[in-house]
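The values are calculated or read from the model by the stated rules, or taken from the named source; none is laboratory data. On a predicted model such as this, the values are computed, not experimentally measured, just so you know. No Cβ is skipped: glycine too gets one built from the backbone with ideal geometry, and neighbour counts run over all protein chains shown. Keep in mind that these areas ignore ligands, DNA and RNA; they rest on the heavy atoms of the full protein, side chains included. Shrake-Rupley method; radii C 1.70, N 1.55, O 1.52, S 1.80 Å.
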Amino acid sequence: MDEQAETTNKQFPRHKLFSRELALLMYGFGDSISPLPESVDVLEDILVDFINSTCVQAATVPGRKNKIQVEDFKFVLRKDPKKLARVEELLAMNKEIEVARTLF
C-alpha cells in the first residue's frame with residue numbers, strides 16, 4: 001500500500017459503509033443469501049480503493065484547478081469504454097428524471 005492510501009485510510013476509516021448493499025449485490029450475482037462477512041469486507045475494500053483512486057485521479061486532471069467536475073471523471077475513465085458508457089448512460093437517465101420532475 002502506498003503512502004497516500006495509508007494517509008487516506010487514517011483520515012477516513014472504512015467501517016462497513018456499503019456492507020448491506022454489497023451483500024445484496026453479491027446475492028444478486030449468484031452468491032448465497034448471506035455471504036461471508038469476510039467476503040463482503042474484501043469486496044468493500046476493493047470498492048472503496050477504486051472510488052478513492054478514481055477521485056484522486058479526477059482531482060489531478062491537468063488544466064483543472066477548481067473543484068472536480070463530471071468531465072474530470074469522464075477524462076479519467078476515457079480508456080475504459082464500458083465504464084465511460086455507463087457514466088454517460090447514468091447522466092442521461094439523471095437528465096430524463098430531472099425533466100420528468102419539472103413536468104409534475
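Below are the figures for this structure:
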quantity	calculated
One residue from 61, 48 being of a type outside the set (Gly, Ala, Ser) and part of a helix (DSSP H, G or I)	48
Among (1) loosely packed, with under 10 Cβ neighbours inside 10 Å; (2) charged (D, E, K, R); (3) under 14 Å from the mean Cα position of the chain (by Cα) - the single one residue 38 does not satisfy	(3)
Number of the condition not met by residue 81 [criteria: (1) farther than 20 Å from residue 16 by Cβ; (2) modelled with pLDDT under 95; (3) out of contact with any Lys or Arg (no Cβ under 9 Å at 6 or more places or on another chain)]	(2)
In region 43-53, residue least open to solvent (accessible area, probe 1.4 Å) [restricted to those that are over 24 Å from residue 94 (Cα atoms) and of a type in the set (A, V, I, L, M, F, W, C)]	43
Condition check for residue 89: within 22 Å of residue 17 (Cα to Cα) and assigned to a helix (DSSP H, G or I)	no
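Residues are listed down the side, and each one gets a yes or a no for (1) modelled with pLDDT under 95; (2) open to solvent by less than 60 Å² (accessible area, probe 1.4 Å):
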residue: 12; (1), (2): yes, no
residue: 16; (1), (2): yes, no
residue: 20; (1), (2): yes, no
residue: 28; (1), (2): no, no
residue: 55; (1), (2): yes, yes
residue: 61; (1), (2): yes, yes
